[in-house]
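Enquirer: What follows is a structure written as structure tokens; I'll ask about it next.
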Amino acid sequence: MESDDDNLEFYDNSDYEEEEHDYGSDSDTGNYSSVSDEDESNVNHYEVAASKLLYYYKWNVSQLHDQWFADEHKVRDEVCLPSAVVPFSTTEESIKCGICFDVLPREEFYPVVCGHPYCKTCWRGYITTSINDGPGCLSLRCPEPSCRVAVCRDLIDDLGTEVEREKYHRYYLRAYVEESRKIKWCPMPGCENAVELELGNNTFDVTCLCFGSFCWNCGEDAHRPVNCETVSKWVLKNSSEAENTKWILANSKPCPMCKRNIEKNKGCMHMVCSPPCKYQFCWLCLGDWKKHSKETGGFYACNIYRDKKEKGLLDEEESIREMARSSLNKYAHYYERWTANQKSREKAIEDFKALDTGILVNLRNKTNETEGQLKFIAEAWEQIIECRRVLKWTYAYGYYLPEDEHVKKQLFEYLQGQAEAQLEKLHNCTEKELKSFLEKDDEDFRNIRAKLVGLTAVTQSYFTKLVAYFETQKL
Amino acid sequence: MANSNLPRRIIKETQRLLSEPAPGISASPSEENMRYFNVMVLGPSQSPYEGGVFKLELFLPEEYPMAPPKLGRICLDILKDKWSPALQIRTVLLSIQALLSAPNPDDPLSENVAKHWKSNEVEAVETAKEWTRLYATGA
């Protein structure tokens, strides 16, 4: 990111007006200005051409500046933005359209700088097809194959339908956002905002107006203090089919006869495979049930298995199963807590959004406090939302903490436990105590306010330290 | 019927294709569907396809000329992203004829043929001549 700073700053200082001015200061654009005498129309022409140039230069204003002033003709050639307007080749009142081949009155033709004669109907068909084809319409050119003159925004504005104009402008916006290294689309489902990164802030976590927060770097949900690498491993793990395979391995065995996987969820060791197989076997030793009797320690206490286990003769498959079971349990432990915090956070966001129409109205009525005086409630919720996020990610972190680093693990679990307890207190107070205040008559609102403000501050300071600790200690 | 509201452009193109056909190219619309053309391209002289007659089917979709004509599986840029409504059936067929004079083994339909062409052009040209004689002379 740092290497781009110069670039981005430049980008920041520049604006559209500057562009227009640059364009206008050029001595060789006499033809452009002769298109119309009115200043307003000129500005429009410059603006249209400037937006084309910016598109081709991917909004890299400094590069465009340099090259434009170094060799304007070269830039114009590259972008196919001629400075001279070519009139239609004939002076006749009727012209033949190069697409529909109809001979039509002059005013039916749309004048373009290259002078190739196409009637408005055909131009419309041409831009409609191109806009419906996708963002390629932004680099549309004159239909004449030997001519590469760029079709600019003004033509679409003049001839396109409202829907097409809108689409075209959205493609422009999309190109602008997607080319910019400082702006990204918010990845939250259903959100159409773009987010601009403020430089100099030492974090990659950004929050959109939609309340979604994501990591600028990897695009996943914001995950400070856990690094992108751990997050990507964890996300992959959560979605991976590998976990299914592991589950099958841990909780099922293949029928010794037909080899279909069987899950045993309860009951005795006497298994009967489902039809058509119907094979009867012992779950423990996978031997034929008919061979089970008093000699094997009784039908319902197969000691064959126990014997093997005691002697350490469990076959390879069985030990894999054993390992898979314990690793699956570990994963389940962390995943459960990770999702629980995630869900809790989503619920908190809902509660937060409903504040203005719900509890805040009731509180204002009951306490006569002003909106500003009740701000501390929203602040408490914001704190909860942020802490749930941090806490959630500590579980992904915990999962990958090496088993043999006992001290680290112990310290981590202690810190996590403390953080969790602190957050529960705050969440409980914000959720329940305000409600019970509304239901009762004998409580002093000042007490509740003091408690909640205090809890918010303590929780905030605790989590800030926790995050900082994680990040500096590389725990 | 599809023929009843045939755009004037298609009618004009058809008329010109019939009255002043391009050398070595014939294109005539089918009687049932004026958007469907039977095309014959003669193998260009001094190419391995010389003496051959290559039959093609060309179809003008509803969107024509905004969309290109459909012409089997020929790798030709003007039939794809380089199509422009200012091009015509005639220009497309001339391009195909040119392709026979200068095959482009970097954008082939058949990977094997292209490999052969690139590794041993003399032999590949012989094969092309042989196949032209076998399959494209109507003999």
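Enquirer: Being open to solvent by less than 10 Å² (accessible area, probe 1.4 Å), farther than 20 Å from residue A:460 by Cα, modelled with pLDDT of 85 or more and of a type in the set (A, V, I, L, M): is that true of residue A:396 here? Quick ask: steps written out before the conclusion?
Expert: Working: open to solvent by less than 10 Å² (accessible area, probe 1.4 Å): yes; farther than 20 Å from residue A:460 by Cα: yes; modelled with pLDDT of 85 or more: yes; of a type in the set (A, V, I, L, M): yes.
For residue A:396, the condition - open to solvent by less than 10 Å² (accessible area, probe 1.4 Å), farther than 20 Å from residue A:460 by Cα, modelled with pLDDT of 85 or more and of a type in the set (A, V, I, L, M) - is met.
Enquirer: For residue B:8, which of the numbered conditions (1) within 12 Å of residue B:89 (Cα to Cα); (2) open to solvent by 50 Å² or more (accessible area, probe 1.4 Å); (3) within 14 Å of chain A (Cβ to nearest Cβ) fails to hold?
Expert: Failing condition for residue B:8: (1).
Enquirer: Test residue A:97 against the stated conditions and say whether it is at pLDDT 90 or above, within 14 Å of chain B (Cβ to nearest Cβ) and either at positive phi or over 41 Å from the mean Cα position of the chain (by Cα) (or both). Working first, answer last.
Expert: Numbers: at pLDDT 90 or above: yes; within 14 Å of chain B (Cβ to nearest Cβ): yes; either at positive phi or over 41 Å from the mean Cα position of the chain (by Cα) (or both): yes.
In short, yes.
Enquirer: Evaluate the range A:176-188: report whether one residue or more is at pLDDT below 90, over 28 Å from residue A:137 (Cβ atoms), surrounded by 14 or more Cβ atoms within 10 Å (Cβ to Cβ) and not hydroxyl-bearing (Ser, Thr, Tyr).
Expert: No: zero hits.
Enquirer: Can we say residue A:79 is open to solvent by less than 90 Å² (accessible area, probe 1.4 Å), in the same structural domain as residue A:149 (by TED's automatic domain parsing) and among the β-branched types (Val, Ile, Thr)?
Expert: Details: open to solvent by less than 90 Å² (accessible area, probe 1.4 Å): yes; in the same structural domain as residue A:149 (by TED's automatic domain parsing): yes; among the β-branched types (Val, Ile, Thr): yes.
Judged against the criteria, residue A:79 is a match.
Enquirer: Further, regarding this structure: Could you identify the single residue in A:418, A:460, A:422 that is under 24 Å from residue A:336 (Cα atoms) and open to solvent by 70 Å² or more (accessible area, probe 1.4 Å)?
Expert: On the way: A:460 fails: under 24 Å from residue A:336 (Cα atoms); A:422 fails: open to solvent by 70 Å² or more (accessible area, probe 1.4 Å).
Selected residue: A:418, the only one of A:418, A:460, A:422 that is under 24 Å from residue A:336 (Cα atoms) and open to solvent by 70 Å² or more (accessible area, probe 1.4 Å).
Enquirer: Taking residue A:146 as meeting all but one of (1) surrounded by fewer than 15 Cβ atoms within 10 Å (Cβ to Cβ); (2) more than 20 Å from residue B:82 (Cα to Cα), write down the number of the exception.
Expert: In the conditions (1) surrounded by fewer than 15 Cβ atoms within 10 Å (Cβ to Cβ); (2) more than 20 Å from residue B:82 (Cα to Cα), residue A:146 misses (2) alone.
Enquirer: Can you name every one of the strands (runs of 3 or more DSSP E) wholly within the range A:108-221 that holds 2 or more residues which are in contact (Cβ under 8 Å) with a residue 24 or more places away in the chain, away from every other protein chain (no Cβ under 14 Å) and out of contact with any His (no Cβ under 8 Å at 6 or more places or on another chain)? Spell out the reasoning first.
Expert: Numbers: elements: A:183-185, A:194-196, A:205-207, A:213-215.
In the range A:108-221, the matching strands (runs of 3 or more DSSP E) lie at A:213-215.
Enquirer: Same structure, new question: Scan the range A:339-358 and tell me whether some residue there is more than 26 Å from the chain's Cα centre (by Cα) and at positive phi.
Expert: no
Enquirer: Continuing with the same structure: Counting only residues that are away from chain A (no Cβ under 14 Å) and charged (D, E, K, R), which one in the range B:78-108 is farthest from residue B:20 (Cα to Cα)?
Expert: B:106
Enquirer: List the number of the failed condition for residue B:57; all other conditions in (1) at pLDDT 90 or above; (2) within 14 Å of another protein chain (Cβ to nearest Cβ); (3) surrounded by fewer than 16 Cβ atoms within 10 Å (Cβ to Cβ) hold.
Expert: (2)
Enquirer: Now for a different question. Looking at the structure I just gave you, is residue A:381 free of Cβ contacts under 8 Å to residues at least 60 places away in the same chain and open to solvent by less than 30 Å² (accessible area, probe 1.4 Å)? Working first, answer last.
Expert: Values: free of Cβ contacts under 8 Å to residues at least 60 places away in the same chain: yes; open to solvent by less than 30 Å² (accessible area, probe 1.4 Å): yes.
So residue A:381 passes the test.
Enquirer: If residue A:173 satisfies all but one of (1) surrounded by 14 or more Cβ atoms within 10 Å (Cβ to Cβ); (2) closer than 21 Å to residue A:60 by Cβ, what's the number of the condition it fails?
Expert: (1)
Enquirer: So, one more: What number of residues within the range A:420-473 satisfy the criterion of being among the acidic types (Asp, Glu) and touching a residue at least 24 places away in the same chain (Cβ under 8 Å)? Steps first, please.
Expert: First pass over the range A:420-473, keeping only residues among the acidic types (Asp, Glu): A:420, A:424, A:431, A:433, A:439, A:441-444, A:471.
Now restrict to residues that are touching a residue at least 24 places away in the same chain (Cβ under 8 Å): A:420, A:431, A:471.
Final tally of qualifying residues: 3.
Enquirer: Have a look at A:103, A:86 and point out the one that is farther than 30 Å from residue A:72 by Cα, of a type in the set (Val, Ile, Thr) and surrounded by fewer than 19 Cβ atoms within 10 Å (Cβ to Cβ). Walk me through it before giving the result.
Expert: Numbers: A:86 fails: farther than 30 Å from residue A:72 by Cα.
Only one candidate qualifies: A:103.
Enquirer: Any idea which of (1) away from every other protein chain (no Cβ under 13 Å); (2) buried (at least 18 other Cβ atoms within 10 Å of the Cβ) is the one residue B:75 doesn't satisfy?
Expert: The failed condition is (2).
The values are calculated or read from the model by the stated rules, or taken from the named source; none is laboratory data. From a predicted model like this one, the values you see are computed outputs, not experimental measurements. Please note: Cβ atoms are built from the backbone with ideal geometry, for glycine as well, and neighbour counts cover all protein chains shown. With ligands, DNA and RNA removed, areas are computed over all heavy atoms of the protein, side chains included. Shrake-Rupley method; radii C 1.70, N 1.55, O 1.52, S 1.80 Å.
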